[in-house]
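One structure is given below, encoded as structure tokens.
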Amino acid sequence: MILAAVAAVLVAACSKPAPIESVESLMANPERLKELRAQCKVDHAKVGDAQCNAVAEATRQRFFGSDGPKYTPPSSTTSPPPAAFSPPAASAPAAPSPVPPSAPKD
């Protein structure tokens, strides 16, 4: 009896893993993609690395498109000011102070 139990466990451990849904099939079926994203978030180990990686790639491709992001930020972190911009001159007169509101009359 123990031998049968051990054999059953060994056969179960050697069985083929569940087939993985492809990135293309997940992109074509957004409801299934959403379901698998939730499963990967809750129990990544149970779903498996390969399936969760396919889910992540399908999500990325649906968001960015298959070509990747369309916007590439400039290489420099700061850009020069527009040509029409001119800083205030140091000798410019100060702006007049606002007039205080008048007291209410009775």
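Remarks
- Within-12-Å neighbourhood charge of residue 54 [Cβ basis; K, R +1; D, E -1]: -1
- Peptides 19-31, 45-57 ordered by average Cβ neighbours within 10 Å, highest first: 45-57, 19-31
Here, each number is a calculation from the coordinates, and none is a lab measurement. Every value quoted in this text rests on a predicted model; they were computed, and no experiment measured them. Virtual Cβ from ideal backbone geometry, glycine too; neighbours counted across all protein chains shown.
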